[in-house]
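Comments concern the structure below.
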Amino acid sequence: MKKKCLVVTGGGDCPGLNAVIRAIVKRADMDKDWEIWGSYNAFNGLLESPIRLMRLDDTAVAGIHFKGGTIIGTTNKGGPFNWPVQLDDGNWQAFDVSDEMIKTMQKLNIQAVINIGGDGSQAISQKLYEKGVNIIGVPKTIDNDLSSTDMTFGYQTAVETATQAVDKLVTTAASHHRIFILEVMGRGAGWIALNAAIAGGAEACLIPEIPYRIDNLTKLLKTRSDGKSGFAVIVISEGAKPVGGEQAGYIANEPGYENFRLSGAGHRLAYELQKTGIAADVRVSVLGHLQRGGIPIAFDRILATSFGVKAFEMVLNQEFGKMVSYKYPEFVSVPILDAIKYYNYVKLDSALIHTARGIGMCLGE
Ligand code: F6P
């Protein structure tokens with residue numbers, strides 16, 4: 001009987017997930033001892049009744065490398081350590097059902113798991129590893145906020161989408177002599193914002209790592225547009241906040257989801273600017289999930305494919321409890337624990353920040 005390796009995609013979707021899945025299947029096909037299965041909607045496929053797994057063979061993964069999303073589905077809710085159950089009184093309560101899930105995996109002869117996900121998913125990988133599960137992590141997120149790897153796949157596609165949005169806003173801003181604010185994703189890290197701002201030639205960029213002062217922005221904006229001529233584009237990360245202020249958002253009231261949902265940074269900034277009496281009209285565009293959907297660019301397809309090949313080779317080498325990592329120009333394995341220990345912020349002394357300052361971009365400091 002063949003050994004089963006279970007593939008899981010967890011957290012927010014991300015361009016390149018399908019390319020990882022396809023590469024795992026193709027690499028596994030070279031080793032006749034293994035077959036690959038996918039769990040629907042992260043680990044939920046194992047936790048639901050009836051169980052929902054999908055056999056991932058050559059036919060299932062044919063031609064999926066350029067498709068967005070994930071053919072096995074994903075979710076950022078629930079999971080084995082936080083499984084929401086509706087009680088008789090209608091309220092929801094989360095339970096740790098990891099032991100039951102591990103027993104199910106044993107019954108199904110699942111001997112290895114490849115968990116493709118960001119920091120939340122890799123925290124689950126680490127806990128399962130500590131409970132004896134043979135698990136490998138693959139770093140995924142458009143936010144690029146996972147440490148221990150030079151980059152995550154999906155991030156460069158998100159930067160490309162955000163840059164195209166800046167390009168489009170520049171033409172409408174210039175025609176109307178307006179100030180445009182583009183809010184992009186990234187959670188607590190400013191990677192997408194800063195890269196798109198540099199690539200698109202934005203005048204200002206506000207990121208979570210540098211709390212902004214509205215005066216510093218208005219000084220610049222007054223020199224850029226008087227409402228009759230000139231224009232400006234500001235890229236703001238969803239996690240940006242003013243000096244002394246908090247991130248904009250709300251507690252998501254969804255069973256199994258405990259995260260603070262970032263929302264409103266762009267509109268708050270527009271309000272703050274208008275309060276200063278700035279002459280130009282201010283408009284806000286929120287790019288949102290457009291950054292997560294759609295086809296991955298070539299760079300991400302290649303990175304994702306390399307991650308998939310390396311992940312299955314780590315299964316063969318029994319490098320469990322480890323995550324695939326891109327350390328240019330190599331693909332190596334690192335402890336999952338290291339990857340989740342530190343958050344990958346944009347470093348203030350990095351070349352990227354130096355470049356932004358070097359072209360006179362206002363970072364709100
Ligand atoms: O982590 C990826 C991400 O897209 C973040 O950039 C964003 O804050 C969050 O997920 C949005 O989550 P949801 O899909 O639940 O709205």
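The values are calculated or read from the model by the stated rules, or taken from the named source; none is laboratory data. Everything quoted here is computed from the prediction, not taken from an experiment. We place every Cβ from the backbone using ideal geometry, glycine too, and count neighbours over all the protein chains shown.
Data for the structure
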| quantity | calculated |
| --- | --- |
| Residue ID - farthest from Gly90 (Cα to Cα), chosen from residues in the stretch 246-262 that are at pLDDT 95 or above and of a type in the set (Gly, Ala, Ser) | Ala248 |
| The stretch 237-263, residues that are more than 22 Å from Ile192 (Cα to Cα), in contact (Cβ under 8 Å) with a residue 12 or more places away in the chain and within 12 Å of the ligand (Cβ to nearest atom) | Glu254, Gly256, Tyr257, Glu258 |
| Residue that is aromatic (Phe, Trp, Tyr) and farther than 21 Å from Phe307 by Cα, where the choices are Trp34, Trp92 | Trp92 |
| Sole residue being at pLDDT 95 or above and surrounded by 14 or more Cβ atoms within 10 Å (Cβ to Cβ), chosen from Val243, Val233 | Val233 |
| Tyr326 vs. criteria at pLDDT below 95 and away from the ligand (no atom under 16 Å from the Cβ) | no |
| Candidate set: the stretch 209-236, residues that are within 16 Å of the ligand (Cβ to nearest atom) and in contact (Cβ under 8 Å) with a residue 60 or more places away in the chain; chosen: the one nearest to Gln156 (Cα to Cα) | Val235 |
| Single residue of Ala158, Ala193 found to be crowded, with 24+ Cβ neighbours inside 10 Å, touching a residue at least 40 places away in the same chain (Cβ under 8 Å), part of a helix (DSSP H, G or I) and in contact with a helix residue (DSSP H, G or I) (Cβ under 7 Å, 6 or more places away or on another chain) | Ala158 |
| Test: residue in the stretch 74-88 that is modelled with pLDDT under 95, surrounded by 16 or more Cβ atoms within 10 Å (Cβ to Cβ), over 24 Å from Gly294 (Cα atoms) and hydrophobic (A, V, I, L, M, F, W, C) | yes |
| Test result for Gly288, small (Gly, Ala, Ser) and within 13 Å of the ligand (Cβ to nearest atom) | yes |
| Matching option when the condition is within 17 Å of Val184 (Cα to Cα) and under 17 Å from the mean Cα position of the chain (by Cα), among Ala240, Ala248, Ala265 | Ala240 |
| Residue under evaluation Gly200, criteria (1) away from the ligand (no atom under 16 Å from the Cβ); (2) in contact (Cβ under 8 Å) with a residue 60 or more places away in the chain; (3) not acidic (Asp, Glu), criterion not met | (2) |
